[in-house]
Each structure stands twice: as C-alpha cells, then as structure tokens.
1. Count, please, the residues in the stretch 3-42 that happen to be of a type in the set (Lys, Arg) and within 24 Å of ALA75 (Cβ to Cβ).
2. Note down all Cβ pairs under 9 Å where the first residue falls in the stretch 291-302 and is β-branched (Val, Ile, Thr), the second is part of a loop (DSSP other than H, G, I, E, B) and modelled with pLDDT of 75 or more, and they're at least six residues apart or on different chains.
3. Checking ALA76 against (1) under 23 Å from LEU266 (Cβ atoms); (2) of a type outside the set (Ser, Thr, Tyr); (3) over 26 Å from the mean Cα position of the chain (by Cα): exactly one of these is not met. Which one?
4. Within the stretch 47-70, which residues are exposed (fewer than 15 other Cβ atoms within 10 Å of the Cβ) and in a loop (DSSP other than H, G, I, E, B)?
5. Between a residue in the stretch 88-109 that is outside the structural domain of GLY163 (by TED's automatic domain parsing) and any residue that is surrounded by 12 or more Cβ atoms within 10 Å (Cβ to Cβ) and assigned to a helix (DSSP H, G or I), which pairs come within a Cβ distance under 9 Å, given they are 6 or more apart or on different chains?
6. What number of residues in the stretch 6-46 are within 22 Å of ALA67 (Cα to Cα), part of a loop (DSSP other than H, G, I, E, B) and either touching a residue at least 12 places away in the same chain (Cβ under 8 Å) or of a type outside the set (S, T, N, Q) (or both)?
7. How about the stretch 228-308: which strands (runs of 3 or more DSSP E) wholly inside it have at least 3 residues that are crowded, with 16+ Cβ neighbours inside 10 Å and modelled with pLDDT of 90 or more?
8. Could you run through the stretch 341-357 and say how many residues are within 19 Å of ARG265 (Cβ to Cβ) and of a type outside the set (A, V, I, L, M, F, W, C)?
Amino acid sequence: MESDLRSIGELARDSGLSVSALRFYDGADVLAPARVDPRTGYRWYAPEQLADARLLARLRRVGLPLAGIRAVLGAAPGSGAARRVLDAHQCRLEDGLADARRELSLIRRLIDQRENPMTTAPAEHRFTVPARALAEALDAVRFAVGSDPGMPVLSGVLFDLDGGLLRLVATDRYRMALAEVPADAISSDAGAFDAGAFDASDAGASAAAIVPTALADALRALLGSAAGEVELVLGGPAVRAAVDGHRIEGAPLDHDYPDYRALVRLEPVQRVGLPAADLRAALASAPTRSLPSGPDGAACEVAVLIVDESGRLTVAAPGDGAPAPDPDALRVAVNRDFLLEALPAGVPGQLVLELGGPVAPLAVRTPGRPGTFTVLMPVRLPA
C-alpha cells in the first residue's frame with residue numbers, strides 16, 4: 001500500500017544514507033525508488049528496500065566501488081556472487097594495507113638518512129633469482145619501457161624487491177608490463193660480491209631501483225640461456241648482477257618511480273579467454289582506423305574489442321559503418337599495435353583478457369602466471 005511507503009527523507013534517516021546519496025544511487029541504477037511522484041518527482045521507497053539501503057550504506061563505508069555495490073545488490077540469492085565481490089574487495093584492501101606498511105618502512109628509512117646523514121647509508125640487499133625466470137621477466141616487460149625524453153623516470157625497468165619476490169615493471173604511460181620472479185636471500189658469508197660492502201638480505205627485505213634501459217639490455221644479454229642462479233644487489237649506489245662467473249653493474253636512475261601498485265588492481269567487468277594465436281590473427285585481419293590517440297598525439301591504428309553477453313569477442317574498426325552491434329555489448333577501443341606487442345610471443349595456450357569498460361584499463365594475462373601481465377590504457381574515441 002502507498003501508505004506503507006517511506007519518503008526519501010525517512011529512508012535516509014533510517015539507513016544512514018544522505019538524501020543526496022539516495023538520489024545518486026537512483027540515478028546510477030543501484031537503488032531505484034518504488035514510486036516517483038509524476039508531478040513533483042518526489043521519491044518513495046518500499047519497506048523492504050530499507051534492508052538494501054542499510055546494506056548499501058555499509059558497502060560504502062568499506063569503500064566498495066560503485067560497480068561492486070551494484071553487483072552485490074543485484075546478485076541472485078544463493079549464487080555466491082555477492083560473497084565473491086566482497087572477497088575480492090577484501091583482498092584489494094589487504095594488498096593496499098601491505099603497500100602502505102611497505103611505504104612507511106621506506107619513509108622511516110629516508111627519515112633516518114635525513115636525520116643522520118653522516119652515519120646512515122642506504123641499505124643494500126643481496127639475493128638470488130633463477131636466471132631463466134629473470135630472462136623471461138625482462139622479455140615480458142622490455143617492450144613497455146618509455147622513450148619520452150621528457151619522462152626520464154620511465155626510461156628503465158623498475159626492479160622492486162619485496163621479501164621473497166622480485167617484481168619487474170615497465171611503463172610508457174600508455175601501457176604497463178609487470179613480471180614476477182621468486183627471490184631468495186643470501187647470507188652475509190656467501191655470494192659473488194664482497195659481503196662487507198652491504199647489508200645481508202632477509203626474508204622481509206625491500207629495495208627498489210630503476211635499471212636504465214641500456215643496463216637492462218646488457219643484463220639480458222649476460223643472462224643468455226643461463227640455467228643457474230643470478231645474484232643481484234639492489235638498494236645502494238649501484239645495481240649489481242653476477243651469473244656463471246660474469247658480473248655487470250651500473251648506476252640506477254635517480255628518480256622516484258610512479259606508484260604502480262594501485263594502477264594494477266583492476267575490477268574487470270568481463271573476462272574473456274581465448275587462444276593467443278586467435279587474438280593475434282583477429283587483430284591482424286580486422287579493419288582499423290588511424291586516430292590521433294597515440295603517444296604525444298601521434299596517430300595510431302585503433303581497433304575496437306567487442307564482447308557480447310555470451311562472452312564472445314570480435315574485433316572491429318571505430319565507426320566502420322557496419323550494422324550496429326548489440327547495444328549491451330562491452331566495447332573497448334585500443335591501440336592495435338600496443339595490444340599485439342602485449343601478446344606473449346610463442347605462447348600456444350590460452351590468454352585471458354580482463355575488460356573493465358570503455359574508459360578502464362585492459363589487462364592481458366597468461367593463465368598460470370598471475371604476476372606476469374600487461375595493462376593497456378584504452379583509446380578515447382572522438383564523440
């Protein structure tokens with residue numbers, strides 16, 4: 001009955017949401033009122049909507065993004081979809097807390113160096129990684145290294161040691177490639193380098209260095225087809241590497257690398273699995289359109305990835321005059337050449353594309369290698 005309806009003010013009072021928030025969530029198709037007065041536009045809500053409004057308020061408090069809120073409130077009872085959304089969000093929050101702790105540790109180290117400049121030297125960390133894995137990681141990220149002289153911070157590969165994991169990162173602002181390699185600490189009485197010259201690494205060690213492109217390429221050449229372990233030193237005035245009796249070292253770039261961690265916590269709307277060869281063939285044969293959307297405003301060949309409700313992916317050109325596809329299909333415009341470069345060479349198996357929407361980054365992943373993937377920024381098409 002209409003007399004049982006709550007006004008928007010009453011629902012705001014009983015749920016903990018503001019009136020403006022309720023209006024916003026109505027416009028965002030998250031919590032629509034049961035009735036809207038056709039004359040005044042005033043919103044009225046059914047009694048059973050109070051539970052949804054209270055749930056929505058709590059989801060807001062934990063910072064769940066709008067797409068996640070919509071997914072939770074729209075999940076079918078008993079499907080488990082709502083719990084999966086919450087579990088994924090909790091993982092992102094925990095990762096963010098771990099990042100914050102790591103940054104605070106580095107900040108304390110910088111403060112110590114600032115307050116005791118004559119007695120506190122930057123800590124160097126020594127560790128080993130499998131040579132073959134490091135070579136594959138360098139191959140996986142090298143294509144994304146920046147070459148813009150106005151952005152020298154991006155003209156190298158970030159080596160980021162976090163405990164038992166070495167992460168390699170490269171970006172030119174339009175794409176970002178990441179790869180992970182397991183790392184093992186070295187005790188102070190072992191190793192190819194003088195142990196007295198630096199602190200021994202430990203299980204909780206963290207260090208980072210931007211390895212210049214030339215040094216990264218020289219390291220890759222040194223690795224060759226080596227199958228043993230590479231000893232690395234990070235954190236001091238030089239980046240050092242030793243493998244099979246050969247050594248190489250050089251100065252890291254003296255810049256602060258952009259915070260890449262938040263950029264790779266994606267919330268995909270669609271995941272599409274397909275063979276790498278099929279995607280490569282589709283991109284090579286599909287029409288494209290040259291648009292001024294590349295680096296520095298240069299023209300690039302743009303293709304549009306279209307994913308229908310069944311999860312089938314097709315490739316088309318922007319505005320190619322073809323019949324209008326399903327209006328509910330997800331469309332993401334990409335730099336075709338960038339996407340081709342992001343496809344792992346010689347990989348015969350499946351790829352997974354994660355698409356977040358027309359203006360959200362696109363991730364290209366290889367199953368079985370969760371820490372090695374590429375993120376591409378979409379191309380904004382002209383109106």
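1. Adding up the residues that qualify gives 2.
2. VAL302/THR288; VAL302/ALA317; VAL302/PRO318; VAL302/VAL379; VAL302/LEU381
3. (1) is the only condition that ALA76 fails.
4. PRO47, GLU48, VAL62, GLY63, PRO65
5. Matching pairs, first to second residue: ALA88/GLY68; HIS89/LEU59; HIS89/GLY68.
6. Residues meeting the conditions: 9.
7. 229-234, 239-243, 300-307
8. 3
The values are calculated or read from the model by the stated rules, or taken from the named source; none is laboratory data. Just so we're clear, the structure is a prediction, and the values are computed from it rather than from any experiment. Quick reminder, even Gly has a Cβ in these numbers, built from the backbone with ideal geometry, and neighbours come from all protein chains shown.
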